[in-house]
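The values are calculated or read from the model by the stated rules, or taken from the named source; none is laboratory data. Note that the structure is predicted; figures quoted are calculated from it, not measured. Positions of Cβ are generated from backbone atoms using ideal geometry, with glycine treated the same way; all protein chains shown enter the neighbour counts. The area values use the complete protein model at the heavy-atom level, side chains included, leaving out ligands, DNA and RNA. Shrake-Rupley method; radii C 1.70, N 1.55, O 1.52, S 1.80 Å.
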Amino acid sequence: MSRELPKASVLAPGLVSEGGDIIMNSLSFIRSHLEMDVAYVSEFIGDEVVFRDVCAPGYEASVKAGNRQPLHETYCHYVVGGQLPELIPDTNLQPFTQHLAATQAFPIRSFVGVPILRADGSIFGMFCSFGKVARPTLNSRDLEVVRAFASMAGDQVNERLSLASTAQQKFNEIEDVLEAQRFEIALQPILRLKDQGTAGYEALCRFSPQPYRPPNQWFDDAAEVGLQVALELYVIEVALKILPQLPTACYLAVNTSPATLATGKLSALIAAAGGDRIVVEITEHAAIDDLDVLLMEIDKLRDHGARIAVDDAGAGYSGLQQIIRLRPDVIKLDMSLTQDVDKDLARRALASAMVQFAKATNARVVAEGIETEAEMRTLKNLGVELGQGYHLGRPALSADVLKLMRSA
Ligand code: C2E
Ligand code: MG
Ligand code: MG
(Lines give C-alpha, C1' and ligand atoms only; values in the text may rest on other atoms or scores of the structure.)
(Ligands and ions follow the chains in the order given, each with its own letter.)
Protein backbone atom coordinates (compact mmCIF):
# COMPACT_ATOMS: atom_id res chain seq x y z
CA MET A 1 0.00 0.00 0.00
CA SER A 2 1.38 3.40 -0.82
CA ARG A 3 1.33 5.80 2.09
CA GLU A 4 0.66 9.47 1.53
CA LEU A 5 2.89 11.55 3.74
CA PRO A 6 2.39 15.26 4.07
CA LYS A 7 5.54 17.21 3.33
CA ALA A 8 7.32 18.33 6.48
CA SER A 9 7.11 21.93 5.28
CA VAL A 10 3.33 21.89 5.57
CA LEU A 11 3.74 21.47 9.30
CA ALA A 12 4.67 25.03 9.86
CA PRO A 13 1.49 26.98 9.03
CA GLY A 14 -0.80 25.10 11.41
CA LEU A 15 1.65 24.97 14.24
CA VAL A 16 3.11 28.42 13.94
CA SER A 17 -0.27 30.10 14.15
CA GLU A 18 0.28 29.61 17.90
CA GLY A 19 0.74 32.98 19.58
CA GLY A 20 -0.43 34.78 16.43
CA ASP A 21 -2.96 36.86 18.33
CA ILE A 22 -0.32 38.39 20.59
CA ILE A 23 1.81 39.32 17.59
CA MET A 24 -1.14 40.76 15.66
CA ASN A 25 -2.32 42.73 18.69
CA SER A 26 1.18 44.14 19.15
CA LEU A 27 1.38 45.14 15.48
CA SER A 28 -2.06 46.68 15.57
CA PHE A 29 -1.27 48.67 18.72
CA ILE A 30 2.04 50.00 17.37
CA ARG A 31 0.52 50.91 14.02
CA SER A 32 -2.20 53.00 15.61
CA HIS A 33 0.01 54.36 18.42
CA LEU A 34 2.50 55.72 15.87
CA GLU A 35 -0.32 56.68 13.44
CA MET A 36 1.32 54.71 10.65
CA ASP A 37 -0.24 52.61 7.87
CA VAL A 38 1.49 49.26 8.04
CA ALA A 39 3.08 47.15 10.79
CA TYR A 40 4.64 43.75 10.25
CA VAL A 41 6.96 41.06 11.51
CA SER A 42 9.46 39.88 8.94
CA GLU A 43 11.78 36.91 8.77
CA PHE A 44 15.16 36.97 7.03
CA ILE A 45 15.56 33.86 4.89
CA GLY A 46 18.74 33.73 2.85
CA ASP A 47 18.89 36.95 0.85
CA GLU A 48 15.16 37.61 1.14
CA VAL A 49 12.79 39.15 3.65
CA VAL A 50 9.52 37.26 4.16
CA PHE A 51 6.55 39.08 5.67
CA ARG A 52 5.19 36.75 8.37
CA ASP A 53 2.52 38.76 10.23
CA VAL A 54 1.08 41.87 8.69
CA CYS A 55 -1.34 44.50 9.98
CA ALA A 56 -2.14 46.80 7.05
CA PRO A 57 -5.81 47.82 6.98
CA GLY A 58 -6.62 49.28 3.56
CA TYR A 59 -3.42 47.89 2.02
CA GLU A 60 -4.22 44.20 2.31
CA ALA A 61 -3.84 43.60 -1.42
CA SER A 62 -0.30 44.91 -1.67
CA VAL A 63 1.23 44.26 1.77
CA LYS A 64 0.39 40.76 2.95
CA ALA A 65 1.79 37.82 4.86
CA GLY A 66 3.89 35.63 2.62
CA ASN A 67 5.20 38.53 0.49
CA ARG A 68 8.93 38.31 -0.21
CA GLN A 69 11.40 41.04 -1.03
CA PRO A 70 15.11 40.97 -1.80
CA LEU A 71 16.88 41.81 1.46
CA HIS A 72 18.97 44.61 -0.06
CA GLU A 73 15.81 46.48 -1.12
CA THR A 74 14.44 46.68 2.42
CA TYR A 75 14.87 49.09 5.29
CA CYS A 76 15.27 46.04 7.54
CA HIS A 77 18.58 45.10 5.95
CA TYR A 78 20.12 48.53 6.45
CA VAL A 79 18.80 48.97 9.98
CA VAL A 80 20.44 45.67 10.97
CA GLY A 81 23.61 46.69 9.10
CA GLY A 82 23.72 50.03 10.95
CA GLN A 83 23.35 52.20 7.80
CA LEU A 84 19.87 53.33 8.91
CA PRO A 85 18.61 54.18 12.41
CA GLU A 86 15.75 52.20 13.95
CA LEU A 87 13.55 55.30 14.04
CA ILE A 88 13.13 57.47 10.92
CA PRO A 89 10.48 60.17 11.53
CA ASP A 90 10.95 61.63 8.02
CA THR A 91 12.58 59.61 5.23
CA ASN A 92 13.20 62.81 3.22
CA LEU A 93 15.76 63.74 5.86
CA GLN A 94 17.61 60.43 5.42
CA PRO A 95 19.23 60.58 1.98
CA PHE A 96 20.09 56.88 2.12
CA THR A 97 16.38 55.90 2.09
CA GLN A 98 15.94 57.56 -1.30
CA HIS A 99 17.99 54.75 -2.92
CA LEU A 100 15.44 52.19 -1.81
CA ALA A 101 12.65 51.34 -4.26
CA ALA A 102 10.18 50.85 -1.39
CA THR A 103 10.53 54.51 -0.36
CA GLN A 104 9.07 55.70 -3.65
CA ALA A 105 6.75 52.75 -4.29
CA PHE A 106 4.55 52.87 -1.16
CA PRO A 107 5.72 55.72 -0.59
CA ILE A 108 7.37 55.43 2.85
CA ARG A 109 7.75 58.76 4.68
CA SER A 110 8.13 57.46 8.26
CA PHE A 111 9.60 54.19 9.52
CA VAL A 112 10.45 52.36 12.71
CA GLY A 113 11.95 48.87 12.90
CA VAL A 114 13.77 46.85 15.54
CA PRO A 115 15.36 43.41 15.18
CA ILE A 116 13.78 40.27 16.60
CA LEU A 117 16.35 37.86 17.96
CA ARG A 118 16.18 34.08 18.17
CA ALA A 119 16.84 32.39 21.53
CA ASP A 120 20.47 31.84 20.46
CA GLY A 121 20.95 35.59 19.80
CA SER A 122 20.93 35.35 16.01
CA ILE A 123 18.65 37.66 14.02
CA PHE A 124 15.27 36.19 13.10
CA GLY A 125 13.87 39.25 11.38
CA MET A 126 12.33 42.61 12.26
CA PHE A 127 9.32 44.20 13.94
CA CYS A 128 8.53 47.23 11.76
CA SER A 129 5.98 49.89 11.04
CA PHE A 130 5.86 52.52 8.31
CA GLY A 131 3.55 55.21 7.03
CA LYS A 132 2.89 57.54 4.11
CA VAL A 133 3.17 60.66 6.23
CA ALA A 134 6.25 62.03 7.98
CA ARG A 135 5.98 61.94 11.81
CA PRO A 136 8.50 64.52 13.01
CA THR A 137 7.31 64.24 16.63
CA LEU A 138 8.39 60.60 16.99
CA ASN A 139 11.12 60.34 19.57
CA SER A 140 13.19 57.90 21.60
CA ARG A 141 10.26 57.22 23.96
CA ASP A 142 8.20 55.97 21.02
CA LEU A 143 11.12 53.79 20.04
CA GLU A 144 11.18 52.32 23.56
CA VAL A 145 7.49 51.44 23.24
CA VAL A 146 8.16 49.75 19.89
CA ARG A 147 11.06 47.82 21.47
CA ALA A 148 8.81 46.61 24.29
CA PHE A 149 6.19 45.33 21.87
CA ALA A 150 8.83 43.88 19.56
CA SER A 151 10.24 41.97 22.50
CA MET A 152 6.79 40.56 23.29
CA ALA A 153 6.32 39.56 19.66
CA GLY A 154 9.84 38.11 19.71
CA ASP A 155 8.90 35.83 22.61
CA GLN A 156 5.99 34.54 20.55
CA VAL A 157 8.18 34.07 17.50
CA ASN A 158 10.58 32.00 19.61
CA GLU A 159 7.68 30.00 20.99
CA ARG A 160 6.60 29.26 17.43
CA LEU A 161 10.11 28.28 16.42
CA SER A 162 10.39 25.89 19.31
CA LEU A 163 6.95 24.37 18.53
CA ALA A 164 7.85 24.00 14.88
CA SER A 165 11.14 22.36 15.77
CA THR A 166 9.47 19.91 18.16
CA ALA A 167 6.89 19.14 15.51
CA GLN A 168 9.59 18.63 12.91
CA GLN A 169 11.35 16.22 15.27
CA LYS A 170 8.13 14.28 15.87
CA PHE A 171 7.42 14.23 12.16
CA ASN A 172 10.88 12.86 11.34
CA GLU A 173 10.65 10.22 14.03
CA ILE A 174 7.24 9.00 12.86
CA GLU A 175 8.27 9.14 9.22
CA ASP A 176 11.21 6.92 10.17
CA VAL A 177 8.85 4.51 11.99
CA LEU A 178 6.74 4.34 8.82
CA GLU A 179 9.63 3.93 6.43
CA ALA A 180 11.51 1.29 8.41
CA GLN A 181 8.45 -0.29 10.08
CA ARG A 182 9.81 0.34 13.53
CA PHE A 183 6.94 -1.32 15.36
CA GLU A 184 5.59 -4.75 16.13
CA ILE A 185 2.12 -6.00 16.87
CA ALA A 186 1.31 -7.40 20.28
CA LEU A 187 -1.75 -9.56 20.80
CA GLN A 188 -3.86 -9.60 23.94
CA PRO A 189 -6.45 -12.38 24.32
CA ILE A 190 -10.14 -11.63 24.80
CA LEU A 191 -11.74 -14.46 26.74
CA ARG A 192 -15.30 -15.71 27.23
CA LEU A 193 -15.86 -15.25 30.93
CA LYS A 194 -18.14 -18.30 31.22
CA ASP A 195 -15.54 -20.90 30.06
CA GLN A 196 -12.27 -18.93 29.68
CA GLY A 197 -12.10 -19.89 25.99
CA THR A 198 -10.39 -17.40 23.65
CA ALA A 199 -12.90 -15.46 21.57
CA GLY A 200 -10.37 -13.19 19.90
CA TYR A 201 -7.26 -11.05 20.19
CA GLU A 202 -6.74 -7.32 20.21
CA ALA A 203 -3.82 -6.09 18.10
CA LEU A 204 -1.86 -3.49 20.08
CA CYS A 205 1.05 -1.64 18.56
CA ARG A 206 4.51 -1.67 20.15
CA PHE A 207 6.88 0.96 18.81
CA SER A 208 10.57 0.03 18.85
CA PRO A 209 12.37 3.40 19.26
CA GLN A 210 13.85 3.77 22.73
CA PRO A 211 13.06 4.94 25.36
CA TYR A 212 9.76 3.04 25.20
CA ARG A 213 6.62 5.14 24.95
CA PRO A 214 3.05 3.79 25.10
CA PRO A 215 1.35 3.49 21.72
CA ASN A 216 -1.31 6.10 22.45
CA GLN A 217 1.45 8.71 22.83
CA TRP A 218 2.80 7.83 19.41
CA PHE A 219 -0.63 8.08 17.85
CA ASP A 220 -1.27 11.41 19.59
CA ASP A 221 2.04 12.76 18.24
CA ALA A 222 1.19 11.45 14.78
CA ALA A 223 -2.14 13.29 14.94
CA GLU A 224 -0.33 16.50 15.88
CA VAL A 225 1.91 16.40 12.82
CA GLY A 226 -0.61 15.15 10.27
CA LEU A 227 0.58 11.53 10.17
CA GLN A 228 -2.20 9.90 12.20
CA VAL A 229 -4.04 8.39 9.24
CA ALA A 230 -0.85 7.09 7.61
CA LEU A 231 0.35 5.53 10.85
CA GLU A 232 -2.97 3.97 11.84
CA LEU A 233 -3.57 2.49 8.40
CA TYR A 234 -0.07 1.06 8.23
CA VAL A 235 -0.36 -0.53 11.68
CA ILE A 236 -3.73 -2.05 10.75
CA GLU A 237 -2.31 -3.30 7.46
CA VAL A 238 0.51 -5.09 9.32
CA ALA A 239 -1.83 -6.39 12.04
CA LEU A 240 -4.27 -7.87 9.53
CA LYS A 241 -1.49 -10.12 8.17
CA ILE A 242 -1.77 -12.03 11.45
CA LEU A 243 -5.42 -12.95 10.88
CA PRO A 244 -4.86 -16.05 8.68
CA GLN A 245 -2.57 -17.48 11.36
CA LEU A 246 -5.13 -17.26 14.15
CA PRO A 247 -7.53 -20.14 14.91
CA THR A 248 -10.59 -19.75 12.68
CA ALA A 249 -12.86 -19.39 15.71
CA CYS A 250 -10.95 -16.30 16.87
CA TYR A 251 -11.48 -12.73 15.75
CA LEU A 252 -8.87 -10.01 15.50
CA ALA A 253 -9.62 -6.55 16.86
CA VAL A 254 -7.78 -3.56 15.40
CA ASN A 255 -7.86 0.03 16.63
CA THR A 256 -8.74 3.08 14.59
CA SER A 257 -9.56 6.69 15.29
CA PRO A 258 -12.73 8.21 13.82
CA ALA A 259 -10.45 10.44 11.70
CA THR A 260 -8.86 7.46 9.96
CA LEU A 261 -12.20 5.76 9.50
CA ALA A 262 -13.63 8.92 7.94
CA THR A 263 -10.98 8.92 5.20
CA GLY A 264 -12.68 5.89 3.64
CA LYS A 265 -9.34 4.12 3.25
CA LEU A 266 -9.89 1.51 5.93
CA SER A 267 -12.67 -0.39 4.19
CA ALA A 268 -10.38 -1.48 1.34
CA LEU A 269 -7.92 -2.96 3.85
CA ILE A 270 -10.72 -4.75 5.69
CA ALA A 271 -12.23 -6.05 2.45
CA ALA A 272 -8.84 -7.37 1.29
CA ALA A 273 -8.35 -9.22 4.59
CA GLY A 274 -11.82 -10.79 4.50
CA GLY A 275 -13.86 -8.88 7.02
CA ASP A 276 -15.89 -11.48 8.87
CA ARG A 277 -13.34 -12.18 11.62
CA ILE A 278 -12.37 -8.56 12.15
CA VAL A 279 -13.57 -6.21 14.85
CA VAL A 280 -12.76 -2.55 14.27
CA GLU A 281 -12.41 -0.75 17.59
CA ILE A 282 -13.17 2.92 17.33
CA THR A 283 -10.99 4.71 19.82
CA GLU A 284 -12.11 8.24 20.40
CA HIS A 285 -9.81 10.79 21.89
CA ALA A 286 -11.55 13.75 20.29
CA ALA A 287 -15.08 14.75 19.46
CA ILE A 288 -16.39 13.25 16.23
CA ASP A 289 -16.53 15.86 13.47
CA ASP A 290 -18.81 14.43 10.83
CA LEU A 291 -21.01 11.66 12.13
CA ASP A 292 -22.75 11.03 8.77
CA VAL A 293 -19.46 10.26 7.04
CA LEU A 294 -18.48 7.98 9.89
CA LEU A 295 -21.80 6.09 9.78
CA MET A 296 -21.38 5.61 6.04
CA GLU A 297 -17.91 4.14 6.55
CA ILE A 298 -19.17 1.93 9.36
CA ASP A 299 -21.85 0.59 6.99
CA LYS A 300 -19.14 -0.21 4.44
CA LEU A 301 -17.12 -2.12 7.03
CA ARG A 302 -20.22 -4.06 8.04
CA ASP A 303 -20.91 -4.86 4.37
CA HIS A 304 -17.47 -6.47 4.29
CA GLY A 305 -18.46 -8.56 7.31
CA ALA A 306 -16.52 -6.64 9.97
CA ARG A 307 -17.99 -5.76 13.35
CA ILE A 308 -17.70 -2.42 15.06
CA ALA A 309 -16.64 -1.86 18.66
CA VAL A 310 -16.77 1.31 20.71
CA ASP A 311 -13.51 1.30 22.66
CA ASP A 312 -13.11 2.72 26.17
CA ALA A 313 -16.88 3.03 26.61
CA GLY A 314 -17.68 5.19 29.60
CA ALA A 315 -14.49 7.25 29.37
CA GLY A 316 -13.63 10.51 27.60
CA TYR A 317 -15.58 11.03 24.41
CA SER A 318 -16.90 7.46 24.27
CA GLY A 319 -19.97 8.36 26.26
CA LEU A 320 -23.52 7.11 25.92
CA GLN A 321 -24.24 9.47 23.03
CA GLN A 322 -21.61 7.80 20.87
CA ILE A 323 -22.79 4.33 21.78
CA ILE A 324 -26.32 5.22 20.77
CA ARG A 325 -25.21 6.90 17.54
CA LEU A 326 -22.66 4.33 16.36
CA ARG A 327 -24.80 1.28 17.21
CA PRO A 328 -21.73 -0.87 17.91
CA ASP A 329 -21.69 -4.66 17.69
CA VAL A 330 -19.25 -4.70 20.60
CA ILE A 331 -19.07 -2.38 23.61
CA LYS A 332 -15.68 -2.34 25.32
CA LEU A 333 -16.16 -1.17 28.88
CA ASP A 334 -13.32 1.12 29.82
CA MET A 335 -11.00 -0.15 32.52
CA SER A 336 -11.97 2.73 34.78
CA LEU A 337 -15.35 0.97 35.12
CA THR A 338 -13.82 -2.48 35.50
CA GLN A 339 -11.29 -1.66 38.17
CA ASP A 340 -12.64 -2.40 41.65
CA VAL A 341 -16.01 -3.32 40.18
CA ASP A 342 -16.23 -6.00 42.89
CA LYS A 343 -15.92 -3.36 45.62
CA ASP A 344 -17.94 -0.53 44.13
CA LEU A 345 -21.71 -0.53 43.83
CA ALA A 346 -21.85 2.34 41.33
CA ARG A 347 -19.50 0.59 38.91
CA ARG A 348 -21.51 -2.62 39.23
CA ALA A 349 -24.71 -0.72 38.50
CA LEU A 350 -23.21 0.86 35.40
CA ALA A 351 -21.71 -2.40 34.11
CA SER A 352 -25.05 -4.08 34.64
CA ALA A 353 -26.85 -1.29 32.76
CA MET A 354 -24.40 -1.72 29.87
CA VAL A 355 -25.12 -5.45 29.80
CA GLN A 356 -28.88 -4.73 29.59
CA PHE A 357 -28.31 -2.13 26.88
CA ALA A 358 -26.13 -4.56 24.92
CA LYS A 359 -28.76 -7.29 25.17
CA ALA A 360 -31.45 -4.95 23.93
CA THR A 361 -29.34 -3.74 20.99
CA ASN A 362 -27.90 -7.13 20.09
CA ALA A 363 -24.36 -6.14 21.02
CA ARG A 364 -21.69 -7.94 23.04
CA VAL A 365 -19.85 -6.49 26.03
CA VAL A 366 -16.10 -6.83 26.58
CA ALA A 367 -14.79 -5.66 29.96
CA GLU A 368 -11.27 -4.25 29.59
CA GLY A 369 -8.52 -4.10 32.18
CA ILE A 370 -9.57 -7.04 34.39
CA GLU A 371 -6.73 -7.38 36.86
CA THR A 372 -8.13 -9.59 39.61
CA GLU A 373 -10.11 -12.78 40.03
CA ALA A 374 -12.72 -10.88 42.05
CA GLU A 375 -13.25 -8.34 39.24
CA MET A 376 -13.59 -11.16 36.73
CA ARG A 377 -16.08 -13.09 38.83
CA THR A 378 -18.17 -10.02 39.53
CA LEU A 379 -18.33 -9.08 35.85
CA LYS A 380 -19.25 -12.63 34.89
CA ASN A 381 -22.07 -12.63 37.47
CA LEU A 382 -23.32 -9.34 36.06
CA GLY A 383 -23.66 -11.05 32.67
CA VAL A 384 -20.62 -9.55 30.93
CA GLU A 385 -19.81 -11.99 28.15
CA LEU A 386 -16.16 -11.25 27.34
CA GLY A 387 -13.13 -10.02 29.24
CA GLN A 388 -9.65 -8.71 28.60
CA GLY A 389 -6.95 -7.80 31.10
CA TYR A 390 -3.71 -8.74 32.79
CA HIS A 391 -5.54 -11.32 34.92
CA LEU A 392 -6.66 -13.16 31.78
CA GLY A 393 -3.57 -12.61 29.63
CA ARG A 394 -1.08 -9.81 29.05
CA PRO A 395 -0.36 -8.50 25.58
CA ALA A 396 2.58 -10.38 24.03
CA LEU A 397 4.37 -9.93 20.72
CA SER A 398 2.43 -11.65 17.96
CA ALA A 399 5.42 -13.77 16.88
CA ASP A 400 5.59 -15.28 20.39
CA VAL A 401 1.83 -15.79 20.62
CA LEU A 402 1.72 -17.53 17.23
CA LYS A 403 4.72 -19.71 18.09
CA LEU A 404 3.03 -20.80 21.29
CA MET A 405 -0.17 -21.56 19.38
CA ARG A 406 1.70 -23.71 16.85
CA SER A 407 3.53 -25.66 19.53
CA ALA A 408 0.26 -26.22 21.38
P1 C2E B 1 -6.93 0.35 24.13
O2 C2E B 1 -7.24 0.09 22.69
O3 C2E B 1 -8.07 0.59 25.03
O4 C2E B 1 -6.09 -0.88 24.58
C5 C2E B 1 -6.09 -1.42 25.86
C6 C2E B 1 -4.91 -0.97 26.64
O7 C2E B 1 -5.02 -1.44 27.97
C8 C2E B 1 -3.58 -1.55 26.14
O9 C2E B 1 -2.57 -0.60 26.44
C10 C2E B 1 -3.38 -2.75 27.02
O11 C2E B 1 -2.05 -3.18 27.11
C12 C2E B 1 -3.87 -2.21 28.34
N13 C2E B 1 -4.32 -3.25 29.24
C14 C2E B 1 -4.81 -4.46 28.95
N15 C2E B 1 -5.14 -5.12 30.04
C16 C2E B 1 -4.87 -4.31 31.09
C17 C2E B 1 -5.00 -4.43 32.51
O18 C2E B 1 -5.45 -5.43 33.05
N19 C2E B 1 -4.62 -3.36 33.26
C20 C2E B 1 -4.12 -2.23 32.69
N21 C2E B 1 -3.77 -1.22 33.50
N22 C2E B 1 -3.98 -2.09 31.36
C23 C2E B 1 -4.36 -3.11 30.57
P24 C2E B 1 -1.54 -0.19 25.33
O25 C2E B 1 -1.18 -1.35 24.51
O26 C2E B 1 -0.47 0.58 26.02
O27 C2E B 1 -2.40 0.78 24.43
C28 C2E B 1 -2.91 1.95 24.93
C29 C2E B 1 -3.82 2.59 23.92
O30 C2E B 1 -3.06 2.96 22.75
C31 C2E B 1 -4.89 1.69 23.37
O32 C2E B 1 -5.94 1.59 24.25
C33 C2E B 1 -5.24 2.41 22.08
O34 C2E B 1 -6.03 3.55 22.37
C35 C2E B 1 -3.88 2.88 21.62
N36 C2E B 1 -3.36 1.90 20.70
C37 C2E B 1 -2.61 0.79 20.95
N38 C2E B 1 -2.32 0.14 19.80
C39 C2E B 1 -2.94 0.83 18.81
C40 C2E B 1 -3.04 0.66 17.40
O41 C2E B 1 -2.52 -0.28 16.81
N42 C2E B 1 -3.75 1.62 16.71
C43 C2E B 1 -4.34 2.66 17.34
N44 C2E B 1 -5.02 3.52 16.59
N45 C2E B 1 -4.29 2.83 18.66
C46 C2E B 1 -3.60 1.94 19.39
MG1 MG C 1 -8.64 -0.97 21.79
MG1 MG D 1 -9.74 0.38 25.48
Inset, instruction - Using per-residue counts of other Cβ atoms within 10 Å, averaged over each peptide, order 339-345, 169-175 from highest down. - result: 169-175, 339-345
Legend entry - Accessible area (Å², 1.4 Å probe, nearest 10) - Thr198: 50 Å²
Inset, instruction - Identify, among Gln181, Gly121, Val238, the residue whose Cα sits farthest towards the positive end of the charge dipole of the chain, taking +1 on the Cβ of Lys and Arg and -1 on the Cβ of Asp and Glu, with the dipole about the Cα centre. - result: Val238
Inset, instruction - Apply 1/(1 + (r/R0)^6) to the Cβ-Cβ distance of Thr361 and Arg147, taking R0 = 56 Å, and write down the FRET efficiency to the nearest 0.05. - result: 0.30
Legend entry - Potential lengthening between Glu35 and Ala374 on full extension [0.36 nm per residue; Cα-Cα distance subtracted]: 114.6 nm
Legend entry - Segment Val133-Leu345, length gained on full extension (0.36 nm per residue, minus Cα span): 68.7 nm
Inset, instruction - Please report Rg over Rh for segment 120-200, where both radii come from the alpha carbon positions and Rh follows the Kirkwood definition. - result: 1.49
Inset, instruction - Just the number, please: percent antiparallel of the DSSP beta bridges in segment 181-407, rounded to the nearest 5. - result: 40 percent
Inset, instruction - Using only C-alpha atoms and all pairs of different ones, pull out the Kirkwood radius for segment 8-164 in Å with one decimal. - result: 15.6 Å
Inset, instruction - Mind listing the long-range amide H neighbours of Leu193? Cut-off is under 5 Å, sequence gap 5 or more, other chains count too, H placed in the peptide plane at 1.01 Å from N. - result: Leu386, Gly387
Inset, instruction - Specify the residue with the greatest mean-square fluctuation among Leu379, Leu93, Leu34, computed from a Gaussian network of the chain linking alpha-carbon atoms under 10 Å apart. - result: Leu93
Inset, instruction - Rank-order 355-367, 395-407 by packing density, defined as the average count of other C-beta atoms within 10 Å over each peptide's residues, highest first. - result: 355-367, 395-407
Legend entry - Efficiency of FRET from Cβ geometry, Asn67 and Ala180, R₀ 35 Å, rounded to 0.05: 0.30
Legend entry - Counting DSSP beta bridges with both ends in the chain, the antiparallel % (nearest 5): 65 percent
Inset, instruction - Quote the charge dipole size of the chain about the Cα centre in Debye, to the nearest 20; the model charges only the Cβ of Lys and Arg (+1) and of Asp and Glu (-1). - result: 760 debye
Inset, instruction - Taking H placed 1.01 Å from N in the peptide plane, check which residues at least 5 places from Tyr201 or on another chain put their amide H under 5 Å from its amide H. - result: Ile190, Tyr251, Leu252, Ala253
Inset, instruction - Measure off, as a whole percent, the carbon and sulfur share of the 1.4 Å-probe accessible area of the chain, all protein chains present. - result: 53 percent
Inset, instruction - Stick to the Cα atoms of the chain, pair each with every other, and give me the Kirkwood hydrodynamic radius in Å at one decimal. - result: 25.3 Å
Legend entry - Per-residue HN-Hα couplings for segment 140-156 [Karplus 6.51, -1.76, 1.60; θ = phi - 60°; Hz; x = Gly/Pro]: 5, 5, 5, 4, 4, 4, 4, 4, 4, 6, 5, 5, 5, 4, x, 4, 5
Legend entry - Global form of segment 181-407, assessed from the alpha-carbon gyration tensor, a/c cut-off 1.5: rounded
Inset, instruction - Starting from one equal scatterer on each C-alpha and no solvent at all, send me the Debye-based log10 I(q)/I(0) for segment 235-356 at q = 0.12, 0.20, 0.22, 0.23 Å⁻¹, two decimals. - result: -0.47, -1.09, -1.22, -1.28
Legend entry - Cα centre as origin, Lys/Arg/Asp/Glu Cβ charges: segment 305-393 dipole, Debye: 420 debye
Inset, instruction - Mind running the shape call on segment 192-257? Use the C-alpha gyration tensor, a ≥ b ≥ c as the square roots of the eigenvalues: rounded below 1.5 for a/c, prolate if a/b tops b/c, oblate otherwise. - result: prolate
Legend entry - MRE, 222 nm, helices only [DSSP H, n ≥ 4, -39500 (n - 2.57), over the chain, to nearest 500]: -12500 deg cm²/dmol
Legend entry - Distance between segment 345-408 and segment 197-226 - C-alpha centres, whole angstrom: 20 Å
